1. To the nearest 0.05, what FRET efficiency results for residue 162 and residue 100 with a Förster distance of 45 Å applied to their C-beta separation?
2. Could you tell me what percent of the DSSP beta bridges with both partners in the chain are antiparallel, to the nearest 5?
3. Any idea what angle helix 71-82 forms with the longest principal axis of the chain, computed on alpha-carbon atoms, 0 to 90 degrees, nearest 10?
4. So between residue 73 and residue 137, what do we pick up on full extension, going 0.36 nm a residue minus the alpha carbon distance?
5. Given Cα pairs under 8 Å that are at least 6 residues apart, what percent is the relative contact order of region 110-165?
6. Please list the equivalent ellipsoid semi-axes of the chain, computed as the square roots of five times the alpha-carbon gyration tensor eigenvalues, in descending order and whole angstrom.
7. Springs between alpha-carbon atoms under 10 Å, Gaussian network over the chain: tell me which of 81, 104, 138 tops the mean-square fluctuations.
8. What stretch of the chain, leaving out the sites themselves, is the longest with no trypsin sites (Lys or Arg not before Pro) in a DSSP loop having at most 14 other Cβ atoms within 10 Å?
Amino acid sequence: MKKLILLGLAILLFTACGKKDTRYTQQSPEIDSYKKVIESYEKQDWEAMAKYYADTAKIMNNVMEKDAQTFAQLIAQNKEDAALFSSWDFVDAESEYEMVVTDDGETWVNFWGLWQATLKANNQLYEIPAHITARFVDGKIVRENGYWDISKIVSDIQTLENAEKSQLEDDSVKE
């Protein structure tokens with residue numbers, strides 16, 4: 001009887017060890033979806049991008065939750081931004097994806113990439129490291145946090161605008 005109980009415990013122990021949940025991976029359906037989100041962003045295919053977001057998604061790119069955007073607001077902002085650039089892209093060789101499941105059972109996809117874009121106003125190429133993390137529920141993004149530093153672009157745009165303003169003022173004085 002002792003041997004039977006020990007055998008049962010051994011089987012239970014091996015079975016329990018074999019059912020380990022994946023907490024970290026670099027291959028998952030969520031990662032595949034996020035790769036399509038990035039691809040849609042690069043192509044400015046907002047309709048394709050929308051398929052991956054829940055209707056109630058909160059997008060927080062460089063802002064706190066109180067200032068979160070809806071997906072519609074994100075697309076409007078992306079369209080405004082796209083008008084400033086002749087090209088934009090994430091460098092494939094610099095892109096990394098991972099999926100993690102938190103202790104609370106939340107599924108997150110993390111993306112690290114190098115964004116390259118050429119500003120129309122000065123034809124300058126900008127390279128900006130970016131990190132984006134997206135929470136998935138039932139295959140849809142419900143929350144997205146993005147972090148990057150665009151201060152160089154903002155500074156250059158302000159410099160260009162100031163130069164244009166000065167030129168207009170000089171022209172009006174000459175008339």
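1. Numbers: r = 45 Å, r/R0 = 0.99.
After rounding, the FRET efficiency stands at 0.50.
2. So the antiparallel bridges in the chain amount to around 90 percent.
3. So the helix axis and the longest Cα principal axis differ by about 40 degrees.
4. On the way: separation 64, 0.36 × 64 = 23.04 nm, distance 2.09 nm.
Contour length minus Cα-Cα distance gives 21.0 nm.
5. On the way: 68 pairs, mean separation 14.8, N = 56.
Relative contact order here is 26 percent.
6. Values: eigenvalues 486, 48, 36 Å².
Calculated on Cα positions only, the semi-axes equal 49, 15, 13 Å.
7. 104
8. Working: sites that count: 19, 20, 23, 51, 120.
Counting at most 14 other Cβ atoms within 10 Å as exposed, the longest clean stretch of the chain is 52-119.
Since every read-out is calculated from the coordinates, none of them should be taken as a lab result. Everything numeric here is computed off the predicted structure, so don't read it as measured data. Every residue, glycine among them, receives a Cβ derived from its backbone with ideal geometry; neighbour counts consider all protein chains shown.
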